[in-house]
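S.K.: Shown below is the structure under consideration.
No lab work stands behind these numbers, since they all come straight from the coordinates. Since we're looking at a predicted model, the values are computed, not measured. Note: ideal-geometry Cβ built from the backbone for every residue, glycine included; neighbour counts use all protein chains shown.
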Amino acid sequence: MPILYAERIRLRASEREDIPLFLKWVNDPEVCEFLEHSSVLNRVQEEAWFERVSSGPRTELPLVIEIRQPDSNDWTSIGNLSFMNIHPVNLSAEIGIMIGEKQYWDQGYGTEAMRRMCQYGFEELNLHRIFLRVYEGNERGKAAYRKVGFVYEGTMRQARFHRGRYWDIDFMSIIKSDWVSNP
Ligand SMILES: CC(C)(COP(=O)(O)OP(=O)(O)OC[C@H]1O[C@@H](n2cnc3c(N)ncnc32)[C@H](O)[C@@H]1OP(=O)(O)O)[C@@H](O)C(=O)NCCC(=O)NCCS
């Protein structure tokens, strides 16, 4: 897969060398407030994940989000995103994203990265449907996904136990025809 460029970001393949940075991000309580894992991850677990997605059938596509430093050709990693469970018959995939460097939140990078990934999914991987799960309270995420064109599909009520209570999980999706009419 070539590096995917957009206006201010690029998406490149994840490498083993990225693992320490991924660990820093997923173990930051603020970053993972709305992420799936609930326990601290260590290097062995992260390496096992990397081995699994790198060596098995290509059902996952974990990429690193990078931004260009002003007035230079250097790129800085600020997060990652991935297609998961790419389905060969249904032509569907789940998408997940994390901007791990919190100082870059709310600057449109998440929206831009998701938009570029959807373009790749629809125009190059020939996906028909891309969906995501977003946790109750993650208004930043929901706003970003709506800007990309994701629409609300439904709610799994009280599906997440976190901080002593149950929280809803929403599904959002974008279909290829949505994308074609409003890329
Ligand atoms: C969720 C995430 C991917 C969004 O990326 P981002 O670059 O911060 O988001 P963007 O700047 O593209 O868009 C965020 C939008 O949410 C809005 N927003 C922020 N906080 C908000 C709130 N509390 N309520 C409503 N809208 C809010 C912003 O104003 C912005 O909208 P605007 O551009 O119309 O002003 C990123 O913040 C992140 O990775 N967070 C931590 C991990 C996580 O939650 N991952 C997603 C799990 S589903």
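S.K.: Report the FRET efficiency, 1/(1 + (r/R0)^6), for D168 and L91, where r is their Cβ-Cβ distance and R0 is 25 Å, rounded to 0.05.
M.R.: Approximately 0.35, to the nearest 0.05.
S.K.: Please identify the GluC sites (Glu not before Pro) of the stretch 98-151 that satisfy two criteria: DSSP loop assignment and at most 11 other Cβ atoms within 10 Å. Which are they?
M.R.: Of the GluC sites (Glu not before Pro), the ones in loops of the stretch 98-151 whose Cβ has at most 11 other Cβ atoms within 10 Å are E124.
S.K.: Identify which of V40, V26, V89 has the largest mean-square fluctuation in a Gaussian network model of the chain, with springs joining Cα atoms closer than 10 Å.
M.R.: V89
S.K.: By its C-alpha gyration tensor, with a ≥ b ≥ c as the square roots of the eigenvalues, how is the stretch 4-181 shaped: rounded for a/c under 1.5, else prolate for a/b larger than b/c, else oblate?
M.R.: Taking the square roots of the gyration eigenvalues as a ≥ b ≥ c, the stretch 4-181 is rounded.
S.K.: Work out how much length A48 to N27 would gain on full extension: take 0.36 nm times their residue separation and subtract the Cα-Cα distance, in nm to one decimal.
M.R.: Residue separation times 0.36 nm, minus the Cα-Cα distance, leaves 5.9 nm.
S.K.: With an 8 Å Cα cut-off and a minimum separation of 6 or more residues, compute the relative contact order for the chain in percent.
M.R.: That works out to 17 percent.
S.K.: Could you tell me what percent of the DSSP beta bridges with both partners in the stretch 12-152 are antiparallel, to the nearest 5?
M.R.: 85 percent
S.K.: Have a look at H37, H128, H87 and tell me which one the Gaussian network model of the chain (Cα, springs below 10 Å) gives the largest fluctuation.
M.R.: H37
S.K.: Between the stretch 38-92 and the stretch 132-183, what's the alpha-carbon centroid distance in Å?
M.R.: Here the two parts' Cα centres lie 20 Å apart.
S.K.: Here's another thing I want to ask about it. Pick from L41, L61, L132: which is most flexible by mean-square fluctuation in a GNM of the chain where alpha carbon atoms under 10 Å apart are linked?
M.R.: Maximum fluctuation in the GNM of the chain, among the listed residues, is at L41.
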